[in-house]
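The values are calculated or read from the model by the stated rules, or taken from the named source; none is laboratory data. The structure displayed is predicted, hence computed values, not measured ones. As a convention, Cβ positions derive from the backbone with ideal geometry for all residues, glycine included, and neighbour counts pool all protein chains shown. Quick note on the areas: whole protein, heavy atoms, side chains included, nothing else; ligands and nucleic acids left out. Shrake-Rupley method; radii C 1.70, N 1.55, O 1.52, S 1.80 Å.
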Amino acid sequence: MMSMRKNIVAGNWKMNCDISQTYLLLDALKEQQISDDVSVIVAPPFTSLQSANQALLDTDILVAAQNMHQEATGAYTGEVSAAMLKSVGVDTVILGHSERRAIFLETNALLASKVNIALDNEMTVIFCFGEELKDRKAGTHFNVVKQQLQEGIFHIEKENWNNVILAYEPVWAIGTGETASPQQAQEMHGFVRNTLAEVFDTDVSEGVSIVYGGSVKPGNAKEIFSKEDVDGGLIGGAALNAADFMAIVNAFE
Ligand code: 13P
């Protein structure tokens, strides 16, 4: 059966790349071929978003923000709104990254309100979730993930799932060089898809792309992406090197 969901590879640049480094990396990405069956997204820091979007206008590469605020406007010093992102041509936002949860204390409830304002603004949300090492050791990883999804994003309307990408990022695999095995990734992605079918229906569960993040590299991407329920990757460190990122982009069979 042909799946209608897309293969996606997104690069989360985190707090890396000033404007000149942004142009250098984007120029290097633009030199490479991208196969037709994959959507490519890059998420530079806020200061590079407008320039990145303009630099990529003649390509199929999309630009995403790494975060945004949950209110529309007002006295929130240091924050950036959905409308501001849209005004510089950015329609996609990463929400719920484990670094936002752990370092900036973002809760599931807060993330639910960020998801709402993003979808109200017709943005696409890349919603991240994933257990910590202690959860996996305790065998509670499925429960932890289910709770993150239930409290963060399962409140949305069925129609809105067209504008959601899910990203499973086990915290113990981020920036550690230790990936989830392809089997561990598949097991969690399959669990999430089954849960979506129960809570919503199979249109939702079969339609949504679920990408894996955590130490994806050119050497392991092919095997991870070959798993039935893994629809691509959210890439950190390897997204800062054009050749590595593009090798991952082109790692689908
Ligand atoms: P690494 O690829 O550096 O492990 O980071 C993964 C990640 O956090 C992407 O959002």
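Ligands, DNA and RNA left out, the accessible area of the range 26-104 computed with a 1.4 Å probe is 48% carbon and sulfur.
Accessible area per residue for the range 32-143, computed on protein heavy atoms with a 1.4 Å probe, is 48 Å². The residues C128, C17, sorted by heavy-atom accessible surface at 1.4 Å with ligands and nucleic acids left out, run C17, C128 from largest to smallest. Only lysine pairs 8 or more places apart or on separate chains count here, and in the chain those with Cα atoms under 24 Å apart total 27. Using a probe of 1.4 Å, the accessible surface attributed to E198 totals some 140 Å² when neighbouring protein chains are kept in position.
Taking the average, over residues, of other Cβ atoms within 10 Å as the packing measure, peptides 24-31, 54-61 rank 24-31, 54-61 from highest down. Viscosity 0.692 mPa s, temperature 37 °C: what is the translational diffusion coefficient of the chain from Stokes-Einstein with a Kirkwood Rh over Cα pairs, rounded to a whole number of µm²/s? Result for D is 181 µm²/s.
When you filter the chymotrypsin sites (Phe, Trp or Tyr not before Pro) in the range 37-137 for DSSP loop state and at most 12 other Cβ atoms inside 10 Å of their Cβ, you are left with Y76, F104. If I take all pairs of Cα atoms in the range 16-91, what percentage of them are more than 17 Å from each other? Taking all Cα-Cα pairs of the range 16-91, the fraction more than 17 Å apart is 47 percent. Near the amide H of I41, within less than 5 Å, lie the amide hydrogens of V9, A10, G11, L62, all on another chain or at least 5 residues away, with H placed in the peptide plane. Here the range 128-253 has an Rg and Dmax of 14.3, 40 Å, counting Cα atoms alone. Note on A72 and N162: their simple-model spin labels are 2.3 nm apart, each label 7 Å out from Cα toward Cβ. Charged side chains reduced to their Cβ positions (Lys and Arg at +1, Asp and Glu at -1) give the chain a dipole of some 540 debye around its Cα centre. Maximal additional length on extending the D18-F252 stretch stands at 81.2 nm, based on 0.36 nm per residue less the C-alpha distance.
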